[in-house]
Amino acid sequence: MQSITFPPVLPARDQVADDYFLGLDLAQVKDWTALSVIKRSGLPETFTCLDLVRWQGEPYTAIVREMVQLMNTEAIRGPRYLIVDGTGIGRPVVDMLREAMPEHFRAGCLKAVTITAGGAAHYDELSTYWHVPKVDLVSTYHCLFGTQRFRVAKSLTLADALHREINSFEVKTTAAGAETYSAWREQAHDDLVLSCALALYFGQPRRTPRPWGYDALPAQLTSMKGEEARGPMGAQGHGSEADYFTF
């Protein structure tokens with residue numbers, strides 16, 4: 001796989017610091033594992049997808065090493081959170097990540113999620129997992145898309161793929177008026193949309209409070225490996241509105 005490098009990111013233009021949410025959707029080795037890197041900035045909060053990466057056939061040990069590098073790099077001059085789908089196959093990988101990054105786990109910056117079919121979202125102290133209904137994840141990104149508070153740099157190679165995944169994700173209304181959503185794994189690809197949904201869900205201020213007063217410029221995000229390739233602009237988190245998709 002080719003090596004990629006995240007480009008510089010401009011800081012927020014107000015008194016609220018930028019922070020970063022990394023959504024990791026883990027899959028079986030034969031399927032696609034996806035990572036999204038999303039910046040939260042401004043008031044009210046807006047979210048910018050800085051990078052989309054996915055792997056197929058990559059050993060979990062290699063993915064863990066990449067996540068450790070990304071979470072520990074001093075190049076990101078701001079808080080960052082790794083949100084991992086620990087449903088099913090993801091559970092042993094979560095254990096590997098926690099063992100590799102115990103300080104992030106203790107600080108609450110490494111969050112494991114079990115996606116459920118219903119019920120209320122809650123944190124289970126026994127398993128130390130968040131249990132989040134699929135409808136909550138879906139409704140969060142639908143709300144942000146509908147209010148144009150989530151945008152994706154068009155220069156990202158996988159931006160079009162994400163757009164297609166979102167458009168193919170079906171919302172159905174039952175006779176009783178309740179909304180139901182197609183299963184995550186029903187589509188040929190839904191790894192990108194799930195990785196974004198995880199990051200956006202925990203990027204809501206009521207779940208992860210905002211850092212204040214941080215004015216340092218993140219010099220450069222760390223290098224990663226994956227299918228992604230840089231466009232001429234990169235994913236700098238700034239530019240004209242024509243440089244972004246909004247949903």
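Residues in segment 34-48 that are within 28 Å of TYR60 (Cα to Cα) and of a type in the set (S, T, N, Q): SER36, THR48. If the condition is being closer than 24 Å to TYR201 by Cα and aromatic (Phe, Trp, Tyr), then segment 41-81 contributes PHE47, TRP55, TYR81. One residue stands out among those in segment 135-154 that are of a type in the set (Ser, Thr, Tyr) and in a helix (DSSP H, G or I): the one that is surrounded by the fewest Cβ atoms within 10 Å (Cβ to Cβ), which is SER139. Listed by position, the strands (runs of 3 or more DSSP E) enclosed by segment 31-88 that each have at least 2 residues that are of a type in the set (A, V, I, L, M), surrounded by 16 or more Cβ atoms within 10 Å (Cβ to Cβ) and touching a Cys at 6+ places or on another chain (Cβ under 8 Å) are 32-41.
Evaluation of ALA159 against the conditions (1) closer than 22 Å to LEU70 by Cα; (2) at pLDDT below 90; (3) in contact with a Lys or Arg (Cβ under 9 Å, 6 or more places away or on another chain) shows that the sole unmet condition is (3).
Tell me, please, whether a residue that is farther than 21 Å from PRO209 by Cα, at pLDDT 90 or above and assigned to a strand (DSSP E or B) can be found in segment 96-114.
Yes; the residues of segment 96-114 include at least one that is farther than 21 Å from PRO209 by Cα, at pLDDT 90 or above and assigned to a strand (DSSP E or B).
Close Cβ contacts (under 7 Å, 6 or more residues apart or on different chains) running from residues in segment 156-168 that are farther than 15 Å from VAL53 by Cβ to residues that are among the aliphatic types (A, V, I, L, M) and surrounded by 20 or more Cβ atoms within 10 Å (Cβ to Cβ) comprise ILE166/VAL193. Residue check: is TYR141 closer than 16 Å to ILE83 by Cβ and in contact with a helix residue (DSSP H, G or I) (Cβ under 6 Å, 6 or more places away or on another chain)? When the stated conditions are applied, TYR141 passes them.
For the structure I just gave you, tell me whether LEU126 is of a type in the set (A, V, I, L, M, F, W, C) and touching a residue at least 60 places away in the same chain (Cβ under 8 Å).
Details: of a type in the set (A, V, I, L, M, F, W, C): yes; touching a residue at least 60 places away in the same chain (Cβ under 8 Å): no.
Considered against the rule, which asks whether it is of a type in the set (A, V, I, L, M, F, W, C) and touching a residue at least 60 places away in the same chain (Cβ under 8 Å), LEU126 comes out as no.
Applying the condition of being surrounded by 15 or more Cβ atoms within 10 Å (Cβ to Cβ) and aromatic (Phe, Trp, Tyr) to segment 89-129 and asking which residue is farthest from SER195 (Cα to Cα) yields PHE105. Could we say that LEU194 is modelled with pLDDT of 85 or more, in contact with a helix residue (DSSP H, G or I) (Cβ under 7 Å, 6 or more places away or on another chain) and under 20 Å from ASP31 (Cβ atoms) here? When the stated conditions are applied, LEU194 passes them.
The values are calculated or read from the model by the stated rules, or taken from the named source; none is laboratory data. Values in this document were obtained by computation on a predicted structure and should not be read as measured data. Positions of Cβ are generated from backbone atoms using ideal geometry, with glycine treated the same way; all protein chains shown enter the neighbour counts.
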